Structure formats: C-alpha cells, structure tokens
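The values are calculated or read from the model by the stated rules, or taken from the named source; none is laboratory data. Computed from a prediction, not measured in an experiment: that's the story for all the values here. Cβ placement follows ideal geometry from the backbone for every residue including glycine, while neighbour counts extend to all protein chains displayed. Calculation scope for accessible area: heavy atoms of the full protein, side chains included, ligands and nucleic acids excluded. Shrake-Rupley method; radii C 1.70, N 1.55, O 1.52, S 1.80 Å.
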Amino acid sequence: MAKQMNIVNAHDWDFFNQEERPIIIGGPCSAESEEQVFATAKQLKENGVNVFRAGIWKPRTHPNTFEGVGSEGLPWLQRIQKELGMKVSTEVAGARHIEEALKAGVDLFWVGARTSANPFLMQEIADALKGVDIPVLVKNPVNPDIELWLGALERLNQAGLTRLGIILRGFTPFEKMRYRNNPQWQLFIDIRQRYPDMLAICDPSHMAGKREYIAEISQKALDLGFDGLMIESHICPEVAFSDKEQQLTPVDMRAMLDSMVVRHSGTSEDESLNDMRMLIDVLDDSLLDILRQRMVVARKIGEYKKSHNIAVLQQGRWDKILEKVVRKADDAGLDRHFIEEVFKAIHQTSIDCQTEIMLRE
Ligand code: PEP
Ligand code: MN
C-alpha cells in the first residue's frame, strides 16, 4: 500500500497571487521564437495572467514534426520574468531538461501525459529534483490509471517535493469522441477525496483539441471545484507550430474567462451535498458515454449479421451475457434484479437497432 503523501496546500506556496481564483497558467503550446513568446506573454500579462507556460521540449506523437526549440528558448523565458514580472513554467521529461531549466531559473515545472505514464522517467525526474524546492504539476498519464498517476507524484514527494499539483488534461479516448481527450472527471474527484490539499488544475486545451469546446470544459472544471486552468494561448494561433486548433489569442482567452461563472462556496453542508451531486452528474455522463459506445458496437454487429445472413437474436449468447452480469452484480454487491432489468432494457434496444438494420433497403 502506498504511503500517504505530505502535500502543501497551494495557499501556502507563496507562488500564486493569494486572491487569484481561478489560478490561470497561460501561454503557447510551444515556444517558437523570442518575438512570439514575448508578444504572447505581454498580452497575457495585460489581460491579468501572471504565470506563463511554453513548451521548450515538445513530446510529439510523430517524428519529423516540430519538437521544440530546446534550450535556446530558455533565455526568452528569462526575459519574460525580468521585463514582465511573470512567473514562467515549462515541461520537463528527464534529468537533462531539469538541469538546464533550473539553471535558467524556470519557476515551475510540469510533467506531460506521456511522461507521467513512465515510472522510469518519473524516477529520473524525482532523482534530478532531490533537494530542489520547486513546484511541480503532474499531468494525468494518457491512460486512466489513477495509481500510475499517484505513483508519479509519490516519487516526487519521496524526493522531498511537497509543492505538488495535478493537471487533468483528459485520457486517450477508446474511440473518436467530441473531445480530443476524454475528461473522465471522476479521477480528479477521487484524487481530491484522497488529497484535499493537492492543487488541481484543469487543462481544457488538450482536453478539447478544438477552440470551440474550451469554454464549456473550463466551466465544468470550475463547477467541479478545480483551483485553476492551464490554457494554451498564442499570439497568432493560425500559424502555431503545434496544437494550432486549440490555442486562443490572449484577448479571446480573457473574454472566455470573463464569461465563466465562478462558484462561491456555500455552507459546508451545502458543499458536501453539491460535491456529491456533481459526482452523480459525472458518473451519469460516464454511463451515457458507455451506453453510446455499446450502441456503436451493437450497430456494427448488426451490419455484420446482415451481411453474413445471421439471425439478430442469438438466444444462447444472450443467456450467457445475462448469467455473467448477474454473477458479477452479486460479486459487486448490486441488486441482481435491478441489474437484470437494466441489461434486459439494453439488450432489447440493441435488438431493436439490429432489426432496423436488417429491414433497411
Ligand atoms: C503540453 O502541455 O503542451 C503537452 C504536451 O501536453 P500533454 O502532455 O497534456 O499532451
Ligand atoms: Mn499542446
């Protein structure tokens, strides 16, 4: 069993402005040129953003794409600190990045979703940060494995880092969906329950993948009680070297943030009722998404049955499914009659859909 981590609440970090809620970390996906980062940072600062982000080393899915300017970009971040008084942050994925970024005086690091999924790299990062007191935010791993995510944080904590936070940026979806990455908010809720003091930031940009979804995701994150947002912002998104479809200009980002409703805390009883209701909403969304995915598969099976002249109803198969779910329901402590009713309704809808496919044309 993992040891409980010792986490310091971000209110005591002496890092973010105390009254700032939500905390905003803004900046381009990638640092591309001194002009681009400086112009973006300047406009962000004018629009009330105090912590700048920019990827110096970029983990790209495909080779032969822009993989970041590398350490050449670090002095650009120093200029932003000096001339604009902003704090600066970048992504680190190994000891060399850390060494160079620390030398340049970067104020905060984040660990990307492809790195937090790799315990070797997380250990290397933790070892390189031993004895260094810097805030580190860990993005969720690409797969929805809460233990892997917490394990990454535990390695940092064991190296002595206590100013730790999480960034929920969503998970690689099982199949194409509205968003680039599936939010799976319940992982955030689980971590919040286990570590109420852990800073939680949502990254609506990588979740959305497209500008138009960033506002709705940000609002949801604030409703769920996230402390802040990390948002990709580029002075001219159309020409960005990476993630151009999800970046907002600093001015559009400000307008988006101004349209957000920030929830005020009520009494503690209201709060826990609210939290539980929000958890129910999140779980209902997951149920709906699973049902949608199941119907997609049922439809594909319908097409297959039609083209291979197989009858829609396969009684033997259905009896087995029902038997299996009832057994699993018993194991899970769920009422077996309730589960039978639910699965009969699901099965009937699949059969109706497949029958419709058979009758087409
Ligand atoms: C990023 O923040 O630019 C990034 C690469 O994010 P992620 O690790 O979430 O893909
Ligand atoms: Mn990006």
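Couple of notes before you dig in:
- Between the stretch 91-146 and the stretch 1-68, the Cα center-to-center distance that results, in Å: 13 Å
- For the chain, the longest principal axis of the Cα atoms and the long axis of helix 146-158 meet at an angle of about 30 degrees.
- Per residue, the stretch 10-264 exposes 40 Å² of solvent-accessible protein surface, assessed with a 1.4 angstrom probe and all protein chains in place.
- Axis of helix 119-128 versus longest Cα principal axis of the chain: the two differ by about 20°, to the nearest ten degrees.
- Within the same chain, lysines fewer than 8 places from K139 are excluded, and of the rest, those with a Cα less than 27 Å from its Cα are K3, K42, K45, K58, K87, K103, K130, K176, K210, K220, K244.
- Taking the C-alpha atoms of the stretch 269-359, convex hull volume expressed per residue in Å³: 104 Å³
- Between the Cα long axis of helix 315-331 and the first principal axis of the chain there is an angle of about 50°, rounded to the nearest 10.
- Under Karplus coefficients 6.51, -1.76 and 1.60, residue-wise ³J(HN,Hα) of the stretch 69-84 in Hz, glycine/proline x: 7, x, 4, 3, x, 4, x, 5, 5, 4, 5, 5, 4, 6, 8, 10
- In straight-distance terms, cross-link reach from K306 covers every one of the lysines whose alpha-carbon lies under 23 Å from its own, apart from those fewer than eight places away in the same chain; here that gives K320, K344.
- In whole angstrom, the stretch 202-361 maps to an equivalent ellipsoid with semi-axes of 42, 26, 11, each derived as √(5λ) from the alpha carbon gyration tensor and ordered largest first.
- Share of carbon and sulfur in the accessible heavy-atom surface of the stretch 269-359 [1.4 Å probe, %]: 58 percent
- The phi-based Karplus calculation (6.51 cos²θ - 1.76 cosθ + 1.60; θ = phi - 60°) puts the 3J(HN,Hα) values of the stretch 296-302 at 4, 5, 4, 5, 4, 5, x Hz, whole numbers, x for Gly and Pro.
- Of the trypsin sites (Lys or Arg not before Pro) in the stretch 94-127, the ones in a loop by DSSP (not H, G, I, E or B) with at most 16 other beta carbons within 10 Å are R114.
- Percent accessible area from carbon and sulfur atoms, the stretch 10-264, protein chains only, probe 1.4 Å: 50 percent
- Summing Lys and Arg as +1 and Asp and Glu as -1 over all other residues whose Cβ lies under 14 Å from the Cβ of V282 gives a net charge of -4.
- With the convex hull constructed from alpha-carbon coordinates only, the stretch 56-101 shows a mean projected area of 3.6 nm² over all directions.
- Tail fraction, Cα-Cα pairs, the stretch 114-221, threshold 16 Å, whole percent: 57 percent
- Karplus-derived 3J(HN,Hα) values for the stretch 95-103, using 6.51 cos²θ - 1.76 cosθ + 1.60 with θ = phi - 60°, are 4, 5, 4, 5, 4, 5, 5, 5, 4 Hz; glycine and proline are entered as x.
- The chain - share of DSSP beta bridges that are antiparallel (%, nearest 5): 5 percent
- Mean projection of the Cα convex hull over all viewing directions, computed for the chain: 22.3 nm².
- When the convex hull of its Cα atoms is projected in every direction, mean area for the stretch 168-209 (nm²): 2.9 nm²
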